Amino acid sequence: MAVKDQITADLKEAMKARDQVRLDTLRSVISAFTYKRVEAGHDPTDDEQMALLQKLVKQRNDSITEFGKAGRTELVEKETRERDILQKYLPEQKSPDEVRAIVREAIEKIPADGRNQGAAMKVVMPLLKGLADGNVVRQIVTEELAKA
């Protein structure tokens, strides 16, 4: 089942269950898909839908960080709940140890004189697209390059 179809089905369940946070979150995703369809001129592909979901999760993570700094615990809780709802539709994320193994392998393939963060990220990110948060990957790449 396509992601959009699953979200639409879950939207109906949220309506029946009167779960307002879940309902609002899923409506925002459907709205983002519709906006993407209008912008691109075609229905978003599965990859585009996943990229859009990842973007929405990232926005929630950024909001959680900023609300936490401001001491707005009620908004942190709301954004956390929305992020958890959205993450259900993303593929299983790799653990930091799994990411570290992929990063080490990729760094070994890069010539010693060309090893830098940019070169490593160019090799690693396509391998981990949708499977790990870019900030986590960047941090691990930086750590591994410092060791090398």
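Considering region 103-148 alone, what residues qualify as being closer than 22 Å to LEU53 by Cα and small (Gly, Ala, Ser)?
Within region 103-148, GLY130, ALA132, GLY134 qualify.
Looking at GLY71 and the list (1) surrounded by fewer than 14 Cβ atoms within 10 Å (Cβ to Cβ); (2) over 16 Å from the mean Cα position of the chain (by Cα); (3) farther than 29 Å from GLN20 by Cα, which single condition is not satisfied?
(3)
Kindly provide the set of residues from region 117-133 that are modelled with pLDDT under 80 and either of a type in the set (Ser, Thr, Tyr) or touching a Leu at 6+ places or on another chain (Cβ under 9 Å) (or both), ordered by number.
Result: GLY130, single match.
Return yes when GLN87 is surrounded by 12 or more Cβ atoms within 10 Å (Cβ to Cβ) and closer than 30 Å to VAL141 by Cα and no when it is not. Spell out the reasoning first.
On the way: surrounded by 12 or more Cβ atoms within 10 Å (Cβ to Cβ): yes; closer than 30 Å to VAL141 by Cα: yes.
Spelling it out, GLN87 is indeed surrounded by 12 or more Cβ atoms within 10 Å (Cβ to Cβ) and closer than 30 Å to VAL141 by Cα.
Which residue pairs have Cβ atoms under 6 Å apart, sit 6 or more places apart or on different chains, and have a first residue in region 1-12 that is in contact (Cβ under 8 Å) with a residue 24 or more places away in the chain and buried (at least 17 other Cβ atoms within 10 Å of the Cβ) and a second that is of a type in the set (Ser, Thr, Tyr) and not in a helix (DSSP H, G or I)?
VAL3/TYR89
Yes or no, residue by residue, for (1) among the β-branched types (Val, Ile, Thr); (2) more than 27 Å from VAL137 (Cβ to Cβ); (3) not assigned by TED's automatic domain parsing to the domain that holds VAL137:
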residue: GLU13; (1), (2), (3): no, yes, yes
residue: ASP19; (1), (2), (3): no, yes, yes
residue: ALA51; (1), (2), (3): no, no, yes
residue: ALA106; (1), (2), (3): no, no, no
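Answer yes if at least one residue in region 59-68 is β-branched (Val, Ile, Thr), under 18 Å from the mean Cα position of the chain (by Cα) and surrounded by 16 or more Cβ atoms within 10 Å (Cβ to Cβ), and no otherwise.
Among the residues of region 59-68, at least one is β-branched (Val, Ile, Thr), under 18 Å from the mean Cα position of the chain (by Cα) and surrounded by 16 or more Cβ atoms within 10 Å (Cβ to Cβ), which makes the answer yes.
Would you point out which residue out of ARG138, ARG81 is surrounded by 13 or more Cβ atoms within 10 Å (Cβ to Cβ), closer than 30 Å to ASP19 by Cβ and modelled with pLDDT of 85 or more?
The conditions single out ARG81.
Looking at (1) in contact with a Pro (Cβ under 7 Å, 6 or more places away or on another chain); (2) crowded, with 18+ Cβ neighbours inside 10 Å; (3) of a type outside the set (Asp, Glu), which is the one condition that is false for VAL99?
Of (1) in contact with a Pro (Cβ under 7 Å, 6 or more places away or on another chain); (2) crowded, with 18+ Cβ neighbours inside 10 Å; (3) of a type outside the set (Asp, Glu), only one is false for VAL99: (1).
Name every residue in region 19-52 that is aliphatic (A, V, I, L, M) and closer than 19 Å to VAL76 by Cα, in order of residue number.
VAL21, LEU23, LEU26
Looking for whichever is touching a residue at least 60 places away in the same chain (Cβ under 8 Å), in a helix (DSSP H, G or I) and more than 15 Å from the chain's Cα centre (by Cα) here; the options are VAL21, VAL38. Which one fits?
Step by step, each of VAL21, VAL38 is checked, and only VAL21 is touching a residue at least 60 places away in the same chain (Cβ under 8 Å), in a helix (DSSP H, G or I) and more than 15 Å from the chain's Cα centre (by Cα).
The values are calculated or read from the model by the stated rules, or taken from the named source; none is laboratory data. For clarity, every value in this text was computed on a predicted model and none was experimentally measured. Counting neighbours? That spans all protein chains shown, and the Cβs are built from the backbone with ideal geometry, glycine included.
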